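Note sheet for the following structure.
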Amino acid sequence: MSTAAPALGHAQPWPYTLAYGHERKLEADVLVIGGGIAGVWAAISAARCGARVVILEKAATERSGAGGAGVDHWQWAADNPASAVGPEQFSQALIDNQGGYRNGISTYIQCASAYETLLEMERYGGKVRDTDDEFAGADFRDPASRLLFAYDYVGRSVVRVWGHNFKPLLREECRRLGVRVFDRVAVTALLTEGGQPGAAVVGACGVHTRSGATVVVRAKATVLAANRPQRIWTFSSELRGISTFRPPSCSGTGYAIAWRAGAEFTMMEKSMRSPFGSAYAFPPYGSGNAINTWYPCTIVDANGKEVPWVDAWGRPLATLAERTRPAEGQSFFIMGGGSSSQPHPGLVQYLGPRPTPDLDARMRRGEFTPPFYADLAGMPDHERRAIWGVMVGNEGKTRIPVMRSYTEAGFDPDRDMLQSYDFLRGQGMREPVLPQERTFGEQGVCGGLLVDWDLMSNLPGLFGAGDGLFGGQDHSHAATTGRYAGARAALFARERALMPVDRAQLEREQQRIYAPLSADANGPDWKELNAAIARVMQNYCSEPKNAELLGLAERWLVDLQETEAPRTAAANPHQLMRVLEVDDILCCARMIVAACQARRASSAVLHFERLDYPQMDPPEWHKWLVIRRQGDEVQVSDRPIAFWGDFESHYRPRHASNLAAFAG
């Protein structure tokens, strides 16, 4: 194959040596696809078990992934010594808070080992406790462990951490353990035994995004640690805003390659309105607010009048301290801050304190005067330094663009207030958005790979971890499931031989990979194809759905797949990666439409409205719908809502064998 890059428009000369068609062949006991938080933890865990490990990462592993830039809070560490809630109780609460639609397997792994994983992070050099006693005497500090807690100061399940450098430290541990990391490799396909969909996974292949060479890895076990898809409903390269909350390079490749290989997925029908899906949304955590990283910051109006807070039942709170405690009748809370509504009907028992939800109406009556401000200066010293120092200073989306930039511009939290965008146009970071401004899993949990208690899919040898799993979310979930999956994969690999790659399957994939290089230069580029997919999803798979609309969505997506995707051209390996990403986005869109067609009932919990099946959450549809590709058809099955069974009896023996493998 030619090593010259085709001309496309007025592209600059490619600065790297091209090697289209060249194959680099690798072997591993455990292959990890994706070098984000879940991926590096999986690699470290597998290597600690004695496995030969390879990571394939599309970007640069040192900082790649949704959590690569930092983390300020480590969620649901119910195993920490100061937690007032045990892992089993907290796991069930998280599941109940999602109306049952949360992954009980990965949630329990998270709640039962988050602190254990954090201790391992500490051994790698991460700062996880107040060793310098900067916050001695603070209400959120445990004097015995020196841990700092966020949100619920009674339940104490969320640990504040100094996580801005966690990812580089994990990358260094991979290097120390001999993990072979191959950056700039975009994985394009799983390789299966005999080249057959639905068969055991024997490795993967991809394309190097600098040289264009093919990378082929044979492996005894594979951990899929790629992120969930973005850019499904909203995409504009010219009017970007923050139309994804996770990195926009998260294109759902893990979903697409597993789907093509015959893996099972569930809850793919769930999507929701989200300000993170709006091209007009404000930078997250870059304006004054009282949620997440900024919780429980005081909000005042233009005249300095303080916005009142209320508890889960809407009762006024008199003191700042009450914002960080469960209400009467609660033993702990999960959600809190800026949300103006309870998570789901009947689940108010898990809602935490928040600014009064009727602020909009009270403002319109003249009781409060916009604009509003986050009054850090009016907060107690410990709270102010925890928010602006620990939280804003270590959250990846805020350390550089917010804390450093604002400080350099003269912002001083000891004397200044930061303006909130609430009610200037909508409701700030959580402003109301249009029905078609949707995201797949930016708020709450979303669909993904269906796995068992080994975190293995229906394809033997294919394990999942992190955001690619169904019904999970957040940094510590990625870390704990990666750590667990890496060990399970290493133990699986001990009993398995390397299998040959099916040459015909590989050659078919190489033909697909390189096709955009010879496509018509006058055809659409990858941005146009992505925008077309988003428009189809906005028009036909938005908030109200019925059989006719979804049928049109399917028809239009098939048309894009058959007529426009083959015409989408690439002039160099970077553009080639982008074209292949959009092909994966198109695949994910088709998966979502198929799942929406399969669920013939509406669901408030899933943010799912079928006009032709208007009954909301009927009991017979309170179940997981499972989709799987078989040839050109989609096979649909289901699972009971709590199919995972008892937590401890499934988790504890596997966890013990993981720890034994680490020790060995």
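The values are calculated or read from the model by the stated rules, or taken from the named source; none is laboratory data. Bear in mind the structure is a predicted one, so any value in this text is a computation, not a measurement. All Cβ positions, even for glycine, are placed from backbone atoms using ideal geometry, and neighbour counts span all protein chains on display. Each accessible area value is taken on the protein alone, full model and side chains, heavy atoms only, with ligands, DNA and RNA left out. Shrake-Rupley method; radii C 1.70, N 1.55, O 1.52, S 1.80 Å.
Let me see the pair-distance distribution of the chain: every alpha carbon pair, 20 Å bin width, integer percents in order.
19, 54, 26, 1
Which translational diffusion coefficient, to the nearest whole µm²/s, is obtained for the range 519-602 from the Stokes-Einstein equation, given a Kirkwood hydrodynamic radius over C-alpha pairs, 37 °C and 0.692 mPa s?
247
Report the extension gain between Ala604 and Glu172 in nm, rounded to one decimal, defined as 0.36 nm multiplied by the number of residues separating them, less their alpha carbon distance.
The Ala604-Glu172 span can extend by a further 151.1 nm.
First check a/c for the range 574-664, with a ≥ b ≥ c the square roots of the eigenvalues of its C-alpha gyration tensor; if it is under 1.5, answer rounded, and if not, answer prolate when a/b is larger than b/c or oblate otherwise.
Verdict is oblate for the range 574-664.
Determine the distance separating the Cα centre of the range 64-99 from the Cα centre of the range 625-654; give it in Å without decimals.
Centre-to-centre distance over Cα atoms comes out at 22 Å.
Of all beta bridges DSSP finds with both residues in the chain, what is the antiparallel percent, to the nearest 5?
So the antiparallel bridges in the chain amount to around 65 percent.
Please list 33-46, 105-118 highest first by mean number of surrounding beta-carbon atoms within 10 Å per residue.
33-46, 105-118
Helix-only mean residue ellipticity at 222 nm, the chain, DSSP H runs n ≥ 4 weighted -39,500 (n - 2.57), per residue, nearest 500. What is it?
The helix contribution divided over the chain gives -8500 deg cm²/dmol.
Please compare each pair in Lys167/Lys220; Lys270/Lys545; Lys25/Lys167; Lys167/Lys397 to a cut-off of 20 Å on the Cα-Cα distance and tell me which ones are over it.
In this structure, Lys167/Lys220; Lys25/Lys167 lie more than 20 Å apart at Cα.
Please list, ordered by chain and number, the residues whose modelled amide H lies under 5 Å from the amide H of Val202; skip anything fewer than 5 residues away on the same chain.
Leu191, Thr192, Glu193
Give me the accessible area of His574, 1.4 Å probe, in Å² rounded to the nearest 10.
80
Along each of the three principal axes of the Cα atoms of the range 159-252, give the extent in whole Å, ordering the values from largest to smallest.
Principal-axis extents of the range 159-252 (Cα, largest first): 45, 37, 32 Å.
Identify the residues of the range 347-375 with backbone N under 20 Å of a label point that sits 7 angstrom from the Cα of Asn303 along the Cα-to-Cβ direction, or state none.
Taking a point 7 Å out along Cα→Cβ of Asn303, the residues of the range 347-375 whose backbone N falls under 20 Å are 356-375.
How much accessible area per residue does the chain have, in Å², with a 1.4 Å probe?
Normalised by residue count, the accessible surface of the chain is 36 Å².
If amide hydrogens are placed 1.01 Å from N in the peptide plane, which non-local residues have theirs closer than 5 Å to the one on Arg24?
Thr214, Val215, Val216
What Kirkwood Rh does the range 435-558 have if only Cα atoms enter the pairwise 1/r average? Answer in Å.
The answer is 18.4 Å.
Can you send over the carbon and sulfur percentage of the accessible area for the chain, probe radius 1.4 Å, protein chains only?
Summing carbon and sulfur atoms, their accessible area is 50 percent of the total for the chain.
Could you pull out every residue, at least 5 positions away or on a different chain, whose amide H is within less than 5 Å of the one on Thr188? Hs are placed 1.01 Å off N in the peptide plane, and Pro or chain starts have none.
Cys205, Gly206, Val207
Give me the accessible area of Trp453, 1.4 Å probe, in Å² rounded to the nearest 10.
20
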